[in-house]
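A quick write-up on the structure given underneath.
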Amino acid sequence: MFECRHTRSFSTLENWKGYGGGTFGEVWIEGDDGQLQPIFEPGLGLAINSPVLLAGRLWFISERDGVGNVWSVPSKGAPHAEEDTAGLRQETWYEKDAFPARALSSSDQRRLVYTSGGLLYCLDVDPDSGVASGGKESLSLRCNGPGVMLRKRHLDASEHLREAKLNIPNT
C-alpha cells in the first residue's frame, strides 16, 4: 500500500512545471512493520506526479531533469535520500524542447500508459525485474463512431443570439 499527498495545487504537471519552491507532494509506502514511511527524504526536492506502484517499484512523473519524464525507484529500502539515488531510474528521455510526459497510469499492472503532446505512449513493465520497454512510439487509436456526429456542422446563429450590436470604430 502507498499513500500520496499533493500539496496545494501542485497535483498536475501544469501547476508545478519549473517549480523550485519547497511545497512538493509527498509519497509514503507501507513498511515491513505496517507503518507508513516516506519514499523520499524531505530535503530531496523531487516533485512527483501520477505515482503508480508496479513490479516492486514506484513509477512517477517528475521534472528532475528539467522536463516531465517517467522515473521509477524501488519501493523497498525507502526512504531514499539525495546521496542514495542508485535505484532511481529515468525511464523516458524527453528533452526540454519536447512535450513532457503527463498523466501516468496503469490499469492492468503490466503496462504504464502516459501522454505527451496529445499522444498516448505505453511502457511494458516486466513484472519480475521491473524493467520497462517501449514508450518510443505513440499508440495508434481509431475512434469509431457515427460519421455524421464527427462532421463539422454549421448552426444558425439567430437561434442562439439574444442581442447583437455593430461596433464600428471612428464613427
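Output the residues belonging to region 138-157 that are out of contact with any Ser or Thr (no Cβ under 9 Å at 6 or more places or on another chain) and either among the hydrophobic types (A, V, I, L, M, F, W, C) or at pLDDT 80 or above (or both). First the steps, then the outcome.
Applying the first criterion (out of contact with any Ser or Thr (no Cβ under 9 Å at 6 or more places or on another chain)) to region 138-157 yields 139-157.
Within region 138-157, LEU139, SER140, LEU141, CYS143, VAL148, MET149, LEU150, HIS154, LEU155, ASP156, ALA157 meet the criteria.
Residues in region 104-127 that are touching a Lys or Arg at 6+ places or on another chain (Cβ under 9 Å) and polar (S, T, N, Q): how many?
2
Those residues that are out of contact with any Cys (no Cβ under 8 Å at 6 or more places or on another chain), touching a residue at least 12 places away in the same chain (Cβ under 8 Å), surrounded by 13 or more Cβ atoms within 10 Å (Cβ to Cβ) and hydrophobic (A, V, I, L, M, F, W, C), I need them from region 96-154; list them, please.
ALA98, PHE99, ALA101, ALA103, LEU104, LEU119, LEU120, CYS122, LEU123, VAL125, ALA132
Is it the case that region 15-28 has a residue that's modelled with pLDDT of 75 or more, surrounded by fewer than 20 Cβ atoms within 10 Å (Cβ to Cβ) and over 26 Å from LYS136 (Cβ atoms)?
yes
Can you tell me which condition SER158 does not meet? The list is (1) over 30 Å from VAL73 (Cβ atoms); (2) surrounded by 13 or more Cβ atoms within 10 Å (Cβ to Cβ); (3) of a type in the set (Ser, Thr, Tyr), and all the others hold.
It is condition (2) that SER158 fails.
The values are calculated or read from the model by the stated rules, or taken from the named source; none is laboratory data. Keep in mind the model is a prediction, meaning the values are calculated, not measured. Glycine gets a Cβ as well: all are built from the backbone with ideal geometry, and neighbour counts include every protein chain shown.
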